1. Quick check for me: using +1 on Lys/Arg Cβ and -1 on Asp/Glu Cβ, what's the dipole size of the range 77-203 about its Cα centre, in debye to the nearest 20?
2. Using Cα centres only, tell me the gap between the range 67-88 and the range 146-205 in whole Å.
3. Given the Cα-Cα distance of residue 101 and residue 132 and 0.36 nm per residue of separation, how much length would full extension add, in nm?
4. Can you pull the one-decimal nm distance between simple spin-label points at residue 196 and residue 120, each 7 Å off the Cα toward Cβ?
5. What ranking do 162, 150, 112 get, fewest neighbouring Cβ atoms within 10 angstrom at the top?
6. For q values of 0.15 Å⁻¹, compute log₁₀ I(q)/I(0) with the Debye formula on a Cα-only model of the range 77-203, without solvent.
7. Please tell me which of these pairs span more than 31 angstrom C-alpha to C-alpha: 106/189; 105/152; 120/176; 120/141; 99/165; 99/137?
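Only the coordinates and a few stated rules stand behind these numbers; no lab work does. As the structure is a computational prediction, the values presented were derived from the model and not from experiment. Backbone-built Cβ (ideal geometry, glycine too); neighbour counts: all protein chains shown.
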Amino acid sequence: MSARTCRCNSCPAHKARNADYFRIFSAPIIDFKGENDSNGFESYPVSAKSLVYKNIKSTLFDMSGFRPIVQKDGFGCGVACTAYILGLNDEKTLHLFTKGQNKAKKIGFFCRDICKVLNKYSSKTHTFYCIKNRRKKNIYKDGTIVFIKRSKKYPSGHYLCRIGKYWMDPWINLQKGRGISYAKADFRKRLPGKPIYSISGNQHH
């Protein structure tokens, strides 16, 4: 799934949210040729409202609106969050992970797995850390990925991504007895559990 928003532009909540996105991601444009690069990533036309990561030649966000990315596998929330940061779809991002298909279906991903991919394919240096009280405020930085603690609802934990004033949840309707085929993604204002690990990036120097 590519990154696009819902088509509702009339309700106050979505108007405010889309305004936040435009404010956050308005940035100078880096041009690139409209072709596939050596890694097979698709190149898209660059608009005046696009933000492009030069080293992967991929449009990060199309500012005409974008929607969250739903995870395609039971343990694929980390892949969906990574895809959201890179501006790629879930399928392409999965192939960037070592043994990605196996992990997405059986065991999930560690923070170091996500950092490895982000450090290779994004314009920032990403690190992860255990969230302590003094560091908790840092999780509200745009583009931060958090892992919430295992619980009854999330027996394997869950990854979410911070964007503006919201959290992108790649499986927001998770329910016992309803499998991944029913998964939907959306934005939520509050985390659905206690965050214990955080992944964040800083610009390369």
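1. With only Lys, Arg, Asp and Glu charged at Cβ, the dipole is about 680 debye.
2. That distance is 10 Å.
3. Once the chain is fully extended between residue 101 and residue 132, it gains 8.0 nm.
4. The two pseudo-label positions are separated by 2.7 nm.
5. Sorted ascending by nearby Cβ count, the order is 112, 150, 162.
6. Per q value, in the given order, log10 I(q)/I(0) is -0.65.
7. Table pairs above 31 Å Cα-Cα are 120/176; 99/165; 99/137.
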